[in-house]
Amino acid sequence: MLKKPDALATLDNAGIHRSGRWLVRGVSFSVDKGEIVTLIGPNGSGKSTSAKMALGILKPDEGEVSRRPDLKVSYVPQKLTVDWTLPLTVRRFMSLTGEVSASEADDAMAATGVSHLEQAEVRTLSGGEFQRVMLARAMARKPDLLVLDEPVQGVDFTGEISLYNLIQKIRDDLRCGILLISHDLHVVMAATDRVICLNGHVCCSGTPTVVASSAEYKALFGARAASTLAVYEHHHDHTHLPDGRVRHGDGSITDHCHPEDGHHHHHSDPADDHANPGGGGNRNA
Ligand SMILES: Nc1ncnc2c1ncn2[C@@H]1O[C@H](COP(=O)(O)OP(=O)(O)OP(=O)(O)O)[C@@H](O)[C@H]1O
């Protein structure tokens, strides 16, 4: 594979062999500077294993993995092994490893909207607050490559949309590459440049639209899944006022948003509508 000058990490035909079997094999993809790459695939399909090769945590048993020299990576794993019975404030948690200065921690907490939680105990945080703190901690290190393993787990879907917006903002601010492992087969964030669909090997890859319409994706997940691969888009069609009322795009104000106005729905890419006749990729349907 020809190495691209902007590539931060490149997997070339990489495989991991454990306990007498290949966990993944023949995996090739790269993450470039400023790019968001999303890994999808069923449970056990090798998403985390592939991400760990990109990070350099796992060495491939065949094929090659290369990373830009001096690449700074931040990794938010799927699970943390921390003894949560110990009291630990968000502020302390931000700088546990000692790599982040107080002002870097301040900036990151402000960017992810968790400054007000500085003195809160980490174990008391809600799922969404915890994910934001994890993101703040990862971005404070100003990585070139940020790897997020299922960053929206335990987050409701309005929260998901705002987390996805936040991830996009981190990419834009830091100009870093982001490798995102998605917990949801059928929803990828709109800002994803490339989707890699894994099933022990790369099943198919490309833009979200290309992946949704590929025969391999349909064979793996079924035609129904293919017709519902939705792409998150955040439409600012109304704003929530502090008193709980809602101001709509046309300026009118109501007590709450109408269920039929598209609020909290996942919209598919308009360009994708032909592939998506079943209701605009609305996961609520
Ligand atoms: N050290 C190991 N030894 C043996 N098998 C392993 C090892 N690590 C992972 N596996 C197996 O490799 C496969 C791929 O695991 P991986 O965690 O990469 O999948 P995943 O796609 O991230 O899954 P999930 O969506 O469930 O998080 C799984 O079947 C897992 O049980």
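Derivation of every value follows stated rules applied to the coordinates shown; laboratory data play no part. What you are looking at is a predicted structure, and each value in this text was computed from that prediction instead of being measured. We place every Cβ from the backbone using ideal geometry, glycine too, and count neighbours over all the protein chains shown.
Just list whichever of LYS52/LYS142; LYS33/LYS218; LYS47/LYS218 have alpha carbons separated by over 25 Å in the model shown. In this structure, LYS33/LYS218 exceed 25 Å between Cα atoms.
The simple Förster model, with R0 at 22 Å and r as the Cβ-Cβ distance, assigns LYS169 and LEU88 a FRET efficiency of 0.25. Extension gain, ILE57 to HIS201, is 49.9 nm, computed as 0.36 nm per intervening residue step minus the present C-alpha separation. Between LEU80 and ALA110, the modelled labels are 2.3 nm apart [label points 7 Å from Cα along Cα→Cβ]. Using the crude model of +1 on Lys and Arg Cβ and -1 on Asp and Glu Cβ, and no other charge, please compute the dipole size for the stretch 1-75 relative to its Cα centre, in debye to 20. Once rounded to the nearest 20, the dipole reads 200 debye.
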